[in-house]
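Okay, structure first, notes after.
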Amino acid sequence: MLASERESAVATLVASDAVDKLSALDAVARAVGAAVVGPATSHPTVPLADDVWVVIEIPKFGEPPPLTIDVHAVAGRAAAQSHALALMETLQQETTWTIITDFERLH
């Protein structure tokens, strides 16, 4: 079963920077020392831990940023938020992105 097909809670981070999906996935993967899973598929992910993964959503054509970074966790919302906060800190150190949390976003 693909990570994107598992039941999970989601915590969203938002980056206001203009970047394409593949570049964003590569940046996340480099920052956390992981590989992009399924890079040539319609649902690529980056694993963060067992049963925790990242999905990147980009604006539709012609829409301005933000880029959303959805952190999925099988263990629930608290786990998703904890991993999202750790990822946000890592990305702020490893990239020039401006990132905020959006934990109230509905999925």
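Kindly provide the helix-only [θ] at 222 nm of the chain, computed as the sum of -39,500 (n - 2.57) over DSSP H runs of four or more divided by all residues, to the nearest 500 deg cm²/dmol?
The per-residue figure over the chain is -9000 deg cm²/dmol.
Which number comes out as Rg/Rh for the range 3-101 once both Rg and the Kirkwood Rh are worked out on C-alpha atoms?
Dividing the radius of gyration by the Kirkwood radius yields 0.93.
What is the dipole size for the chain, taken about its Cα centre, with +1 at each Lys and Arg Cβ and -1 at each Asp and Glu Cβ, in debye to the nearest 20?
Taking the Cα centre of the chain as origin, the dipole is about 60 debye.
Taken together, the values in this text are just the output of simple stated rules run on the coordinates, not laboratory data. Just so it is clear, the model here is predicted, and its values are computed rather than measured. Cβ: placed from backbone, ideal geometry, glycine included. Neighbour counts: every protein chain shown.
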